[in-house]
1. How much of His338 can a 1.4 Å solvent probe reach, expressed as accessible area in Å² and rounded to 10?
2. Quote the relative contact order of the chain in percent (integer), defining contacts as alpha-carbon pairs under 8 Å separated by 6+ residues.
3. Leaving out ligands, DNA and RNA, and with a 1.4 Å probe, what % of the accessible surface on segment 274-317 is carbon or sulfur?
4. Report the net charge of residues surrounding Val178, where surrounding means a beta-carbon distance below 15 angstrom and charges are Lys +1, Arg +1, Asp -1, Glu -1.
5. Over segment 97-241, what is the relative contact order in percent, taking alpha-carbon pairs closer than 8 angstrom and at least six residues apart?
6. Rounded if a/c is under 1.5, else prolate if a/b is larger than b/c, else oblate: which is segment 312-383, with a ≥ b ≥ c the root eigenvalues of its Cα gyration tensor?
7. What figure, in Å² to the nearest 10, do you get for the accessible area of Ser43 with a 1.4 Å probe and non-protein molecules left out?
8. May I ask you to derive the relative contact order of segment 127-210, considering only C-alpha pairs under 8 Å and at least 6 residues apart, and to give it as an integer percent?
Amino acid sequence: MNRTRVVVIGAGVVGAACARELTLAGFDVLVLDRGRPAGGTTSHGEGNLLVSDKEPGPELVLARLSARLWPEVVADLRDPRTEFDAKGGIVVATTDAGGRALTAFAEAQAAAGVRVEPLSAAELAVAEPAVTREVTVAVRYPEDAQVQPAGAALALLGAALARGARLRVDTEVIGARVTGGRVTGVRVPGEVLDADVVVNAAGPWAGEVSTRLGAPIAVRPRRGEILVTTPMPGVVRHKVYDADYVGAVGSGDGELQTSAVVESTRGGTVLIGSSRRRVGFDDALRPDVLSAIAATALRLFPSLADVAVMRAYGGFRPYVDDHLPVLGEDPRLAGLWHATGHEGAGIGLSVGTARLVRELLTGATPSMPVGEFTVDRPAVLAA
């Protein structure tokens, strides 16, 4: 059995998925979190497992790998907390220009192997009876799915713990012990924890953690907010969003951007997003942002005008300027690995990321090329 000592920093969904994969490979895994499991970014998202919003390229390949793995992982976990729902997604355009852009985008995805199903107006009305009829183009993506994000993370972490991993909560990493150019432990208040490998899976805090470890990476927080309605089962049947969402995801603009993203949960509540803005770690909910989100959603689902919103929440996503994850060993400090930078796609990409970390650490052939995700690229090492 491989008893290499691995410290995973971060008990969100990416850290939990990495812990599960590494315990399966026989590593001696210790998970650290400065708070509680799934208490940060993971619990402040929608649980999306999407291929529909990724343009052809390395992130789409990772999304498709993850889409194949999620059903297998869920079957292995046998944990109802995941609430895995392979309901599919529908993207709509409401203008002629948006329709042309969506058609071109979907055709490029189809050429890359994504399952794409154009919908007629009649087919859209059957699939989503409450959606606006002011639609120029609609496309269904059967591979899109959803999980309950905190539940899925806790299930992944629980599987790792059941196989011998250990967990320390309320434990902040404050530095690294480095011997001969290699990390040999992490410093926490009052002690040093031995490690042969350290995996930085701290999400939007990964930039700060990497600086403390002596190898800074340019991962910054990007904030988003979500509205939650009172239960209305059956009204929204897929994840439905307008074509502007793809542009908002790929934009590097730090100012507020909103697009309509609407979907239901297993409990019947409807999640309404989305927003993106760079405000550091300012966690204040702003009424103007919430109003902008609501306005975009009403253009997509006019019937939501009379629905009560029972709460709103926001969270931070780990943002990198080139919009690609950071995955692999840091060339400046042997033994330090990063698994972060997924922005709003971390839930969906977590199991694929974890599988790649396992394969790379064990010397196995990776399930996909990882050259675009390396640490030593300009967007990651930027000051």
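The values are calculated or read from the model by the stated rules, or taken from the named source; none is laboratory data. Model, not experiment: these values are computed from the prediction. Here the Cβ positions follow ideal geometry from the backbone for every residue, glycine too, while neighbour counts run over all protein chains shown. Remember, those area values only see protein heavy atoms, side chains included, never the ligands or the DNA or RNA. Shrake-Rupley method; radii C 1.70, N 1.55, O 1.52, S 1.80 Å.
1. 0 Å²
2. 23 percent
3. That share works out to 56 percent.
4. Numbers: positive: Arg177, Arg182, Arg187, Arg212, Arg332; negative: Asp194, Asp196, Glu329, Asp330.
After counting each charged neighbour, the total is +1.
5. Rounded, it is 15 percent for segment 97-241.
6. Oblate is the answer for segment 312-383, as a/c is 1.5 or above yet b/c matches or exceeds a/b.
7. Spelled out: Ser43, probe radius 1.4 Å, area about 50 Å².
8. 14 percent
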